[in-house]
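The values are calculated or read from the model by the stated rules, or taken from the named source; none is laboratory data. Quantities reported herein were computed from a predicted structural model and do not represent experimental measurements. Note that each Cβ is placed from the backbone with ideal geometry, even for glycine, and that neighbours are counted across all protein chains shown.
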Amino acid sequence: MKHIFRISFLLTLLIFSCKKDDIAPDAKAFLDEVLDIMESHSINKYKINWTEFRNSVFEKVGAAKTIEQSYIGVKEALILLNDHHSYFRKPGGDLLFGYTHSCSAESFTPPSVPTNIGYVKVNRFSGSSDSNEAIEFAQEIQSQISNSDLSDIIGWIVDLRGNSGGNMYPMLAGIGPVLGEGIAGYFIYPDTNTSSWGYSNGGAFLNSSVLTQITNLYELINANPKVAVLLDNAVASSGEVIAISFIGRENTKSFGASTCGQSTANLSYKLSNNSTLVLTVANIGDRNMNIYGTQIKPDVGVNNENIIEQAIAWLENK
């Protein structure tokens, strides 16, 4: 009986080994490329047993004959990363995710606010940091600010509702006059290294590099104003970065609902077949280095029906 069990066990190992060996060389090389990047840079790289991780991915793939057939392994790897933010873009643009969590928000219309309160809406932006589109996007936000700014302004409403993310730097460059100058937050990596980001002189910076620069910058009539930040469940990723930029700032309070919970940083890695791995590599920390990585809870929880009223009441000290 023992001999039968041993033979059966050896056959199982042989079958699995054959499946692994049967994968096409280019498919295996592609998966190794993806897994090497994950192992080197993932936010969870020190929490994962990478031998077991790789075995699970290759077992899922089986005897893939093409790189396209190996995408099922990329999907499995994204699931196993368990960071709720990484994703994969195929050469044609289709996306693969390792998570099913989605965030939504109630619909709302642009609010009416008193003339002594400034209002600025910061929407999502997708594109490179130094493109003409990025500069125009940031300039439009500063135009909103300049159009609302008066000498008797008592405070500002920064509306982030519905901002699902994209590129944080044009958003940061745009909202800079209200946010204020200096470091607004940090990327905090698994090895505890950090990078700082913020706003200075019309530009959004990362460490010592300015990534989005406005030439026709605006400065508030009354600097360092009181600010009410509006949040909802659709605020995600880079939208959450902008929310975190205001945490720890003096005379600032947030209103609304908890954000989506993707307050982590992604980096894009171009792969050999012209696909892209967008990998979560760091947590977001505020200006005091408090680490997030999950939902951001507002200081005042309130629904959309009453959010403007409560923000205005706080700005007016009622």
Residue identified as loosely packed, with under 14 Cβ neighbours inside 10 Å and under 23 Å from TYR46 (Cα atoms) among SER268, SER272, SER263: SER268
Could you tell me whether any residue of region 246-254 is of a type in the set (Lys, Arg), closer than 30 Å to ARG89 by Cβ and at pLDDT 95 or above? no
Going by the conditions given, is ALA63 within 14 Å of ALA27 (Cα to Cα), of a type in the set (Gly, Ala, Ser) and either part of a loop (DSSP other than H, G, I, E, B) or not assigned by TED's automatic domain parsing to the domain that holds LYS28 (or both)? yes
Can you confirm whether LEU95 is buried (at least 16 other Cβ atoms within 10 Å of the Cβ), out of contact with any Pro (no Cβ under 9 Å at 6 or more places or on another chain) and either under 27 Å from ILE284 (Cβ atoms) or not polar (S, T, N, Q) (or both)? no
Condition first: surrounded by fewer than 19 Cβ atoms within 10 Å (Cβ to Cβ) and more than 18 Å from ALA282 (Cβ to Cβ). Now tell me which residues in region 161-207 satisfy that. GLU181, GLY182, SER200, ASN201
Unique match (being outside any loop (DSSP other than H, G, I, E, B) and over 16 Å from TYR269 (Cβ atoms)) among SER112, SER70, SER102: SER70
Considering region 208-226, residues that are surrounded by 19 or more Cβ atoms within 10 Å (Cβ to Cβ) and either at positive phi or β-branched (Val, Ile, Thr) (or both), and then whichever is modelled with the highest pLDDT, we arrive at THR212
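So, in region 66-87, how many residues would count as being touching a helix residue (DSSP H, G or I) at 6+ places or on another chain (Cβ under 7 Å) and farther than 16 Å from GLN262 by Cα?
10
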Checking GLY62 against (1) touching a residue at least 24 places away in the same chain (Cβ under 8 Å); (2) touching a Phe, Trp or Tyr at 6+ places or on another chain (Cβ under 8 Å); (3) not aromatic (Phe, Trp, Tyr), the condition it does not meet: (2)
Report yes if some residue within region 217-227 is farther than 27 Å from GLU309 by Cα and touching a Leu at 6+ places or on another chain (Cβ under 7 Å); otherwise report no. no
Tell me whether region 227-235 contains one or more residues that are crowded, with 22+ Cβ neighbours inside 10 Å, outside any strand (DSSP E or B) and in the same structural domain as SER151 (by TED's automatic domain parsing). yes
Residue pairs qualifying under the 6 Å Cβ cut-off, at least six apart or on distinct chains, with the first in region 90-107 being farther than 17 Å from GLN262 by Cα and the second being assigned to a loop (DSSP other than H, G, I, E, B) and at pLDDT 95 or above, are LYS90/SER275; PRO91/ASN274; PRO91/SER275
